[in-house]
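Structure first, then comments.
The values are calculated or read from the model by the stated rules, or taken from the named source; none is laboratory data. Quantities reported herein were computed from a predicted structural model and do not represent experimental measurements. We place every Cβ from the backbone using ideal geometry, glycine too, and count neighbours over all the protein chains shown.
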Amino acid sequence: MASPIRILLQTTIPPIADDWHIGRFSLLRDHVAGLTGPDGAPLCHVTARDRTGPGSPDPVLSTIDASDYDALWLFAVDTGDGLDPADCAAIDRFWRRGGGLMVTRDHMDLGCSVCTLGGVGSAHFFHSHNPDPDGTRHVPDDRETGYILWPNYHSGANGDFQEIAPLGEPHALLRDPDAPGGLIRYLPAHPHEGAVGAPPGDPTARVITTGTSRTTGRTFNIAVAFERSAGHGPALAQSTFHHFADYNWDPATGCPSFVSEAPGDGLRHAPEAQRAIRRYAANLALWLGGRPA
(Lines give C-alpha, C1' and ligand atoms only; values in the text may rest on other atoms or scores of the structure.)
Protein backbone atom coordinates (compact mmCIF):
# COMPACT_ATOMS: atom_id res chain seq x y z
CA MET A 1 0.00 0.00 0.00
CA ALA A 2 1.39 3.41 -0.99
CA SER A 3 1.93 5.89 1.81
CA PRO A 4 -0.34 8.98 1.88
CA ILE A 5 0.67 12.01 -0.17
CA ARG A 6 2.05 14.59 2.26
CA ILE A 7 0.56 17.99 1.37
CA LEU A 8 1.31 21.40 2.86
CA LEU A 9 -1.45 24.01 2.48
CA GLN A 10 0.31 27.31 3.14
CA THR A 11 -0.60 31.01 3.03
CA THR A 12 1.85 33.88 2.64
CA ILE A 13 0.52 35.91 5.61
CA PRO A 14 0.66 35.45 9.39
CA PRO A 15 -2.56 34.28 11.11
CA ILE A 16 -4.49 37.59 10.85
CA ALA A 17 -8.13 37.09 11.84
CA ASP A 18 -9.60 39.62 9.39
CA ASP A 19 -7.78 38.35 6.32
CA TRP A 20 -7.46 35.27 4.10
CA HIS A 21 -5.68 33.14 6.72
CA ILE A 22 -5.43 29.38 6.33
CA GLY A 23 -8.56 28.78 8.41
CA ARG A 24 -10.53 30.18 5.48
CA PHE A 25 -9.49 27.15 3.41
CA SER A 26 -10.83 24.57 5.88
CA LEU A 27 -13.36 22.99 3.49
CA LEU A 28 -10.56 22.28 1.01
CA ARG A 29 -8.36 20.92 3.81
CA ASP A 30 -11.06 18.59 5.09
CA HIS A 31 -12.01 17.42 1.60
CA VAL A 32 -8.45 16.54 0.56
CA ALA A 33 -7.67 14.97 3.94
CA GLY A 34 -10.82 12.85 3.60
CA LEU A 35 -9.92 11.31 0.23
CA THR A 36 -9.59 7.54 0.44
CA GLY A 37 -8.48 4.76 -1.87
CA PRO A 38 -10.41 1.61 -2.82
CA ASP A 39 -9.24 -0.04 0.40
CA GLY A 40 -10.54 2.85 2.51
CA ALA A 41 -7.07 4.06 3.46
CA PRO A 42 -6.41 7.82 3.37
CA LEU A 43 -4.76 9.07 0.19
CA CYS A 44 -3.41 12.30 1.66
CA HIS A 45 -1.95 13.66 4.87
CA VAL A 46 -2.63 17.40 5.01
CA THR A 47 -0.89 20.10 7.06
CA ALA A 48 -2.40 23.60 6.91
CA ARG A 49 -0.59 26.66 8.26
CA ASP A 50 0.06 30.38 7.88
CA ARG A 51 3.55 31.78 7.57
CA THR A 52 5.38 33.41 10.45
CA GLY A 53 5.78 37.21 10.44
CA PRO A 54 7.28 38.84 7.33
CA GLY A 55 10.80 40.18 7.31
CA SER A 56 12.59 36.89 7.99
CA PRO A 57 12.56 33.36 6.56
CA ASP A 58 9.58 31.20 7.45
CA PRO A 59 10.89 28.13 9.32
CA VAL A 60 8.85 25.69 7.23
CA LEU A 61 8.98 27.29 3.77
CA SER A 62 12.69 28.06 4.00
CA THR A 63 13.48 24.39 4.66
CA ILE A 64 10.77 22.67 2.61
CA ASP A 65 13.31 21.15 0.24
CA ALA A 66 14.68 19.14 3.18
CA SER A 67 11.22 18.06 4.36
CA ASP A 68 9.19 14.95 3.57
CA TYR A 69 6.36 16.92 1.93
CA ASP A 70 5.34 15.71 -1.52
CA ALA A 71 3.40 18.82 -2.55
CA LEU A 72 3.05 22.49 -1.58
CA TRP A 73 -0.19 24.37 -2.23
CA LEU A 74 0.78 28.04 -1.87
CA PHE A 75 -2.01 30.59 -1.40
CA ALA A 76 -0.43 33.98 -2.07
CA VAL A 77 -2.74 36.33 -0.17
CA ASP A 78 -0.12 39.00 0.65
CA THR A 79 0.45 42.49 -0.77
CA GLY A 80 4.08 41.92 -1.70
CA ASP A 81 6.00 40.79 1.37
CA GLY A 82 4.77 37.22 1.68
CA LEU A 83 7.92 35.36 0.69
CA ASP A 84 11.47 35.82 1.96
CA PRO A 85 14.34 35.18 -0.49
CA ALA A 86 15.26 32.11 1.57
CA ASP A 87 11.69 30.84 1.26
CA CYS A 88 11.76 31.27 -2.52
CA ALA A 89 15.12 29.51 -2.85
CA ALA A 90 13.92 26.52 -0.83
CA ILE A 91 10.61 26.30 -2.71
CA ASP A 92 12.52 26.32 -6.00
CA ARG A 93 14.83 23.54 -4.76
CA PHE A 94 11.76 21.60 -3.58
CA TRP A 95 10.24 21.83 -7.07
CA ARG A 96 13.55 21.03 -8.80
CA ARG A 97 13.91 17.87 -6.72
CA GLY A 98 10.50 16.67 -7.96
CA GLY A 99 8.05 18.14 -5.43
CA GLY A 100 4.57 19.13 -6.63
CA LEU A 101 3.72 22.84 -6.51
CA MET A 102 0.44 24.73 -6.81
CA VAL A 103 0.72 28.52 -6.70
CA THR A 104 -2.33 30.76 -6.72
CA ARG A 105 -3.05 34.45 -6.10
CA ASP A 106 -5.80 37.00 -6.86
CA HIS A 107 -6.50 40.32 -8.62
CA MET A 108 -4.22 43.26 -9.38
CA ASP A 109 -1.08 42.95 -7.17
CA LEU A 110 -2.52 40.64 -4.50
CA GLY A 111 -0.02 37.83 -4.01
CA CYS A 112 2.72 39.44 -6.09
CA SER A 113 5.43 37.99 -3.84
CA VAL A 114 5.23 34.87 -6.06
CA CYS A 115 7.00 36.86 -8.80
CA THR A 116 10.21 36.13 -6.90
CA LEU A 117 9.71 32.40 -7.49
CA GLY A 118 11.36 30.86 -10.50
CA GLY A 119 9.37 28.83 -13.02
CA VAL A 120 5.80 28.81 -11.74
CA GLY A 121 6.08 32.37 -10.46
CA SER A 122 6.72 33.63 -13.98
CA ALA A 123 3.32 32.28 -15.05
CA HIS A 124 1.61 34.91 -12.84
CA PHE A 125 0.99 38.42 -14.20
CA PHE A 126 0.23 41.38 -11.94
CA HIS A 127 -0.56 45.07 -12.27
CA SER A 128 2.83 46.37 -11.13
CA HIS A 129 4.99 43.24 -11.32
CA ASN A 130 5.65 40.87 -14.23
CA PRO A 131 2.88 42.45 -16.35
CA ASP A 132 1.06 40.38 -18.92
CA PRO A 133 3.09 40.50 -22.16
CA ASP A 134 -0.17 40.61 -24.13
CA GLY A 135 -0.92 44.32 -23.77
CA THR A 136 -4.39 43.93 -25.29
CA ARG A 137 -5.51 42.35 -22.00
CA HIS A 138 -4.36 45.30 -19.89
CA VAL A 139 -7.83 46.79 -19.50
CA PRO A 140 -10.25 46.73 -16.54
CA ASP A 141 -12.72 43.86 -16.66
CA ASP A 142 -14.51 43.94 -13.29
CA ARG A 143 -16.89 46.93 -13.36
CA GLU A 144 -18.21 46.56 -9.79
CA THR A 145 -15.11 47.46 -7.76
CA GLY A 146 -13.49 50.50 -9.32
CA TYR A 147 -10.41 50.60 -7.11
CA ILE A 148 -9.34 47.11 -8.22
CA LEU A 149 -7.40 47.45 -11.47
CA TRP A 150 -6.32 44.85 -14.02
CA PRO A 151 -5.96 41.98 -13.92
CA ASN A 152 -9.48 41.60 -12.54
CA TYR A 153 -11.51 39.18 -14.67
CA HIS A 154 -15.13 39.00 -13.56
CA SER A 155 -16.31 35.38 -13.67
CA GLY A 156 -19.30 35.93 -11.36
CA ALA A 157 -20.16 36.57 -7.73
CA ASN A 158 -18.51 34.81 -4.81
CA GLY A 159 -20.80 31.89 -4.04
CA ASP A 160 -21.73 31.36 -7.69
CA PHE A 161 -20.02 29.06 -10.19
CA GLN A 162 -18.56 29.54 -13.66
CA GLU A 163 -18.34 27.24 -16.64
CA ILE A 164 -14.78 26.59 -17.78
CA ALA A 165 -13.50 25.25 -21.10
CA PRO A 166 -10.53 22.92 -21.67
CA LEU A 167 -7.83 24.21 -23.98
CA GLY A 168 -6.17 21.72 -26.28
CA GLU A 169 -6.03 18.06 -25.29
CA PRO A 170 -7.98 17.78 -22.02
CA HIS A 171 -5.53 17.62 -19.13
CA ALA A 172 -5.65 14.92 -16.44
CA LEU A 173 -6.68 17.60 -13.92
CA LEU A 174 -9.92 18.09 -15.85
CA ARG A 175 -10.88 14.42 -16.22
CA ASP A 176 -14.04 13.21 -14.51
CA PRO A 177 -15.49 9.90 -15.74
CA ASP A 178 -18.70 10.56 -13.84
CA ALA A 179 -19.40 13.91 -15.54
CA PRO A 180 -21.12 14.47 -18.90
CA GLY A 181 -18.43 14.26 -21.55
CA GLY A 182 -15.95 12.96 -18.99
CA LEU A 183 -14.65 16.43 -18.10
CA ILE A 184 -14.89 18.92 -15.23
CA ARG A 185 -16.84 21.93 -16.47
CA TYR A 186 -17.29 24.11 -13.37
CA LEU A 187 -15.22 26.04 -10.84
CA PRO A 188 -16.20 28.68 -8.25
CA ALA A 189 -16.79 32.17 -9.62
CA HIS A 190 -15.07 35.32 -8.40
CA PRO A 191 -15.60 39.02 -9.29
CA HIS A 192 -11.95 39.76 -10.04
CA GLU A 193 -9.62 36.89 -10.95
CA GLY A 194 -5.94 37.35 -11.67
CA ALA A 195 -3.96 36.62 -14.84
CA VAL A 196 -1.82 33.60 -15.67
CA GLY A 197 -0.08 32.40 -18.82
CA ALA A 198 2.48 29.87 -19.98
CA PRO A 199 6.02 31.32 -19.74
CA PRO A 200 7.51 31.71 -23.24
CA GLY A 201 10.11 29.11 -24.06
CA ASP A 202 9.02 26.57 -21.44
CA PRO A 203 7.91 23.41 -23.28
CA THR A 204 6.61 21.84 -20.05
CA ALA A 205 3.98 24.56 -19.51
CA ARG A 206 0.63 25.16 -21.19
CA VAL A 207 -2.73 26.76 -20.45
CA ILE A 208 -5.16 23.92 -19.77
CA THR A 209 -8.46 25.72 -19.19
CA THR A 210 -10.08 29.11 -19.68
CA GLY A 211 -13.00 31.10 -18.30
CA THR A 212 -15.21 33.84 -19.73
CA SER A 213 -15.85 37.28 -18.26
CA ARG A 214 -19.46 37.94 -17.31
CA THR A 215 -19.04 41.66 -18.05
CA THR A 216 -17.02 41.80 -21.27
CA GLY A 217 -17.24 38.30 -22.72
CA ARG A 218 -13.45 38.23 -22.78
CA THR A 219 -11.80 34.81 -22.50
CA PHE A 220 -9.11 34.55 -19.82
CA ASN A 221 -6.76 31.85 -18.58
CA ILE A 222 -7.74 29.89 -15.49
CA ALA A 223 -4.81 27.50 -15.03
CA VAL A 224 -1.35 26.78 -16.41
CA ALA A 225 0.05 23.26 -15.90
CA PHE A 226 3.75 22.44 -15.81
CA GLU A 227 4.32 18.77 -16.58
CA ARG A 228 6.84 16.79 -14.56
CA SER A 229 10.25 16.72 -16.25
CA ALA A 230 13.84 15.74 -15.51
CA GLY A 231 14.34 19.25 -14.12
CA HIS A 232 11.29 19.73 -11.91
CA GLY A 233 8.11 18.25 -10.49
CA PRO A 234 4.54 18.94 -11.65
CA ALA A 235 3.11 22.38 -10.97
CA LEU A 236 0.01 24.49 -11.48
CA ALA A 237 -0.46 28.26 -11.66
CA GLN A 238 -4.08 29.12 -10.81
CA SER A 239 -5.72 32.49 -11.53
CA THR A 240 -7.24 32.99 -8.07
CA PHE A 241 -7.16 31.39 -4.62
CA HIS A 242 -10.92 31.96 -4.49
CA HIS A 243 -11.36 28.73 -6.44
CA PHE A 244 -10.33 27.02 -3.19
CA ALA A 245 -11.61 29.37 -0.44
CA ASP A 246 -14.39 28.44 2.01
CA TYR A 247 -16.29 31.65 1.19
CA ASN A 248 -16.53 30.65 -2.48
CA TRP A 249 -17.54 27.07 -1.72
CA ASP A 250 -20.06 28.26 0.89
CA PRO A 251 -20.58 32.02 1.54
CA ALA A 252 -22.18 31.21 4.91
CA THR A 253 -18.66 30.54 6.21
CA GLY A 254 -17.94 34.28 6.08
CA CYS A 255 -15.20 36.48 4.69
CA PRO A 256 -12.89 39.31 5.76
CA SER A 257 -14.59 42.65 6.43
CA PHE A 258 -12.91 44.32 3.44
CA VAL A 259 -14.85 42.17 0.95
CA SER A 260 -17.51 44.55 -0.37
CA GLU A 261 -19.31 42.61 -3.12
CA ALA A 262 -22.59 40.88 -2.36
CA PRO A 263 -22.26 37.07 -2.60
CA GLY A 264 -24.37 34.82 -4.79
CA ASP A 265 -25.90 31.47 -3.94
CA GLY A 266 -25.81 29.70 -7.29
CA LEU A 267 -23.36 27.04 -6.17
CA ARG A 268 -25.59 26.05 -3.26
CA HIS A 269 -28.29 25.03 -5.75
CA ALA A 270 -25.98 23.23 -8.21
CA PRO A 271 -24.90 19.79 -6.95
CA GLU A 272 -23.17 18.97 -10.25
CA ALA A 273 -20.98 22.09 -9.92
CA GLN A 274 -20.26 21.29 -6.28
CA ARG A 275 -19.11 17.81 -7.23
CA ALA A 276 -16.97 19.14 -10.11
CA ILE A 277 -15.17 21.56 -7.80
CA ARG A 278 -14.34 18.84 -5.30
CA ARG A 279 -13.25 16.51 -8.09
CA TYR A 280 -10.86 19.20 -9.36
CA ALA A 281 -9.30 19.50 -5.90
CA ALA A 282 -8.96 15.71 -5.65
CA ASN A 283 -7.39 15.48 -9.11
CA LEU A 284 -4.94 18.21 -8.14
CA ALA A 285 -3.93 16.43 -4.94
CA LEU A 286 -3.25 13.19 -6.81
CA TRP A 287 -1.54 14.76 -9.84
CA LEU A 288 0.83 16.88 -7.75
CA GLY A 289 1.56 13.82 -5.62
CA GLY A 290 2.56 11.74 -8.64
CA ARG A 291 -0.48 9.45 -8.50
CA PRO A 292 -3.04 8.77 -11.26
CA ALA A 293 -5.76 11.42 -11.07
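Confirm whether ASP65 is crowded, with 21+ Cβ neighbours inside 10 Å and either touching a Lys or Arg at 6+ places or on another chain (Cβ under 9 Å) or in a strand (DSSP E or B) (or both). Answer is no for this residue.
Counted as qualifying within region 155-226 are the strands (runs of 3 or more DSSP E) with 2 or more residues that are within 23 Å of GLU261 (Cβ to Cβ) and of a type outside the set (Ser, Thr, Tyr), namely 161-163, 186-188, 219-226.
Residue by residue through region 29-54, note down the ones that are at pLDDT below 95 and either touching a Lys or Arg at 6+ places or on another chain (Cβ under 8 Å) or within 20 Å of ALA17 (Cα to Cα) (or both). Once the filter is applied, which keeps residues that are at pLDDT below 95 and either touching a Lys or Arg at 6+ places or on another chain (Cβ under 8 Å) or within 20 Å of ALA17 (Cα to Cα) (or both), region 29-54 yields GLY53, PRO54. Filtered by the rule that a residue be among the charged types (D, E, K, R) and either within 13 Å of the chain's Cα centre (by Cα) or in a helix (DSSP H, G or I) (or both), region 92-114 gives ASP92, ARG93, ARG96, ARG105, ASP106.
Restricting ASP81, ASP132, ASP58 to residues that are out of contact with any helix residue (DSSP H, G or I) (no Cβ under 6 Å at 6 or more places or on another chain), part of a loop (DSSP other than H, G, I, E, B) and farther than 30 Å from GLY217 by Cα narrows the list to ASP81. Determine whether LEU83 is buried (at least 17 other Cβ atoms within 10 Å of the Cβ) and more than 16 Å from the chain's Cα centre (by Cα). So LEU83 fits the description; yes.
Within region 147-161, none of the residues are touching a strand residue (DSSP E or B) at 6+ places or on another chain (Cβ under 8 Å) and either basic (Lys, Arg) or free of Cβ contacts under 8 Å to residues at least 12 places away in the same chain (or both). Suppose the filter is modelled with pLDDT of 95 or more and surrounded by fewer than 20 Cβ atoms within 10 Å (Cβ to Cβ); does GLY211 pass it? In short, no. Against the test of being of a type in the set (Phe, Trp, Tyr), within 22 Å of PRO133 (Cβ to Cβ) and either surrounded by fewer than 17 Cβ atoms within 10 Å (Cβ to Cβ) or touching a helix residue (DSSP H, G or I) at 6+ places or on another chain (Cβ under 7 Å) (or both), the options PHE244, PHE226, PHE220 yield a single qualifying residue, PHE226. Within the option set VAL114, VAL139, VAL120, being hydrophobic (A, V, I, L, M, F, W, C), surrounded by 24 or more Cβ atoms within 10 Å (Cβ to Cβ) and over 19 Å from ILE13 (Cα atoms) holds for one residue only, VAL120. Entry remark, region 234-273: residues being at pLDDT 95 or above, of a type in the set (Ser, Thr, Tyr), over 27 Å from ALA205 (Cα atoms) and assigned to a loop (DSSP other than H, G, I, E, B) number 1 in total.
Filter region 10-33 for residues that are part of a loop (DSSP other than H, G, I, E, B) and of a type outside the set (Asp, Glu) and give the result.
Listed by number, the residues that qualify are THR12, ILE13, PRO14, PRO15, ILE16, ALA17, TRP20, HIS21.
Checked against the criterion of being in a loop (DSSP other than H, G, I, E, B) and acidic (Asp, Glu), region 34-50 has at least one qualifying residue.
Kindly establish whether ALA276 is of a type outside the set (Phe, Trp, Tyr), within 22 Å of TYR153 (Cα to Cα) and in a helix (DSSP H, G or I). Considered against the rule, which asks whether it is of a type outside the set (Phe, Trp, Tyr), within 22 Å of TYR153 (Cα to Cα) and in a helix (DSSP H, G or I), ALA276 comes out as yes.
Tally the residues that are in contact (Cβ under 8 Å) with a residue 40 or more places away in the chain and surrounded by fewer than 22 Cβ atoms within 10 Å (Cβ to Cβ), restricting the search to region 1-12.
Count: 5.
Within region 254-267, the presence of at least one residue that is within 18 Å of ASP30 (Cβ to Cβ), surrounded by 24 or more Cβ atoms within 10 Å (Cβ to Cβ) and of a type outside the set (D, E, K, R) is confirmed. Within region 13-53, being buried (at least 16 other Cβ atoms within 10 Å of the Cβ), among the aliphatic types (A, V, I, L, M) and farther than 22 Å from PRO234 by Cα holds for ILE13, ILE22, LEU27.
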